[in-house]
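Notes follow once the structure below has been shown.
The values are calculated or read from the model by the stated rules, or taken from the named source; none is laboratory data. Given the structure is predicted, the values throughout are model-derived calculations rather than measurements. Here Cβ is always computed from backbone atoms with ideal geometry, including for glycine, and neighbour counts include all displayed protein chains.
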Ligand code: UDX
């Protein structure tokens, strides 16, 4: 099939590349000339494991192309994906200006029946708005379908190629059969394509993200209570996760969820609820708790060092909002760094992928180390913000020589309490009792 993907951000690039991999002719369109030039020169603007292999193969075989011209990009396309940004507006609702602009531009240039697909996470009712914007100047028949994307950064290619499910919102049989054909290679293992109306598909995406954010937040609150009552949240997680009604995943307590989706989507859903005069109390609490959770380690740091952190140096391992990405959007590490700097402390950070992105925001306000160990040199303590595998089994002997104090504040529960106690570390983590070294 011939496919156009408008918007070469995270979702657009993965969508385009993966559909090329299943044998389609894909043209990706973006208004950013520099980005398109880079892509045409084989430079992938995001870090996503596995994407490069597929990208280079499909570019080489002529199935994946990039252009800044919408009219050239959509020529002959049977499906046009809209993978455009929906940034939160000032009031927290998703801003649709990019999507609706492209929809208006599409109307007059469509020359045959086409399925226009909303891939971006968009509020309920957007498919109807997109349809209306296209229809204003369209001379041909078309359908607008809502097909939300559930991929996770870091495993996006795998999520795309082997989706748990594909949700397609349309009431048009013609569009259904086009979408079925397109997704057939991805659901061979029996995972379902679930058809529903457009509004339900749009709502499904928000419900999924809000539910997962709530699951994490619930665990974070259980963790906070565990610390008070003397229980261990790791055991609680194992104890409840084995109940198939609850499930094992997304029960890891930590310093809160971040990233480009959960915070934005929870906020947008809360905004939708407000617009419809529904008081969605759970969501409001999720947002409040997550904001508090992000800097949860700060009181523990003060518990150890006292209230005055002036002149103390903290090594930070991990800046990305989660492992296997260089994405620092809404990353708890940033909130913690800002809080530490505000207290007059110094920060030396290390992250395997995200340091350039942080440098663009924080510049020389913090130091950047070339290795995880270099970050520890002369530091008063180590703080772990992202659970990169590299940090799970470090060379503790090397660490002992570099750190001024054997103390770790762990926002991701990377180590076992027993190991820390055996090695004589003072160790603060989330939802578990602090290990206090006698040294
Ligand atoms: C998420 C959804 O999973 C995906 O389906 C959607 O399309 C986009 O948003 P992503 O933001 O890439 O994907 O990351 P995800 O792996 O879901 O993690 C989100 C946040 O939750 C991270 O900050 C992570 O650290 C946190 N998290 C996750 C926890 O704190 N505990 C957990 O148990 C799981």
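Here are a few things to note about the model shown:
- Whenever a residue of the stretch 138-155 is outside the structural domain of residue 180 (by TED's automatic domain parsing), it has no partner that is at pLDDT below 95 and within 12 Å of the ligand (Cβ to nearest atom) lying with C-beta atoms less than 8 angstrom away and at least six residues away or across chains.
- Matching residues, the stretch 258-287, being part of a helix (DSSP H, G or I) and under 14 Å from residue 332 (Cα atoms): 262, 263, 287
- Here residue 304 fulfils each of the conditions (1) in a helix (DSSP H, G or I); (2) closer than 22 Å to residue 217 by Cα; (3) away from the ligand (no atom under 16 Å from the Cβ) apart from (2).
- Summed over the stretch 49-79, the residues that are loosely packed, with under 15 Cβ neighbours inside 10 Å and not in a loop (DSSP other than H, G, I, E, B) give a count of 7.
- Check on residue 375, away from the ligand (no atom under 16 Å from the Cβ), outside the structural domain of residue 228 (by TED's automatic domain parsing), touching a residue at least 12 places away in the same chain (Cβ under 8 Å) and not in a strand (DSSP E or B): yes
- Residue selected from the stretch 378-388 under the condition part of a strand (DSSP E or B) and within 16 Å of the ligand (Cβ to nearest atom), by the criterion nearest to residue 154 (Cα to Cα): 384
- Extreme residue, nearest to the ligand (Cβ to nearest atom), among residues of the stretch 182-207 that are within 26 Å of residue 252 (Cβ to Cβ) and surrounded by fewer than 18 Cβ atoms within 10 Å (Cβ to Cβ): 207
- Qualifying residue in the stretch 350-359 (condition: part of a loop (DSSP other than H, G, I, E, B), in the same structural domain as residue 311 (by TED's automatic domain parsing) and more than 16 Å from the ligand (Cβ to nearest atom)): no
- Test for residue 101: is it surrounded by fewer than 18 Cβ atoms within 10 Å (Cβ to Cβ) and not assigned by TED's automatic domain parsing to the domain that holds residue 258: yes
- Subset tally (residues that are in contact with a strand residue (DSSP E or B) (Cβ under 9 Å, 6 or more places away or on another chain), crowded, with 18+ Cβ neighbours inside 10 Å and assigned to a loop (DSSP other than H, G, I, E, B)) for the stretch 1-48: 4
- Checking 219, 179 one by one, the residue that is closer than 23 Å to residue 11 by Cα and either within 16 Å of the ligand (Cβ to nearest atom) or over 18 Å from the mean Cα position of the chain (by Cα) (or both) is 179 and no other.
- Against the numbered list (1) surrounded by 18 or more Cβ atoms within 10 Å (Cβ to Cβ); (2) closer than 18 Å to residue 145 by Cα, residue 94 comes up short only at (2).
- Of the residues examined, residue 118 is not one that is at pLDDT 95 or above, in contact with a strand residue (DSSP E or B) (Cβ under 8 Å, 6 or more places away or on another chain) and surrounded by fewer than 17 Cβ atoms within 10 Å (Cβ to Cβ).
- Residues in the stretch 225-270 that are closer than 19 Å to residue 386 by Cα and more than 10 Å from the ligand (Cβ to nearest atom) were compared, and the one that is surrounded by the most Cβ atoms within 10 Å (Cβ to Cβ) is 233.
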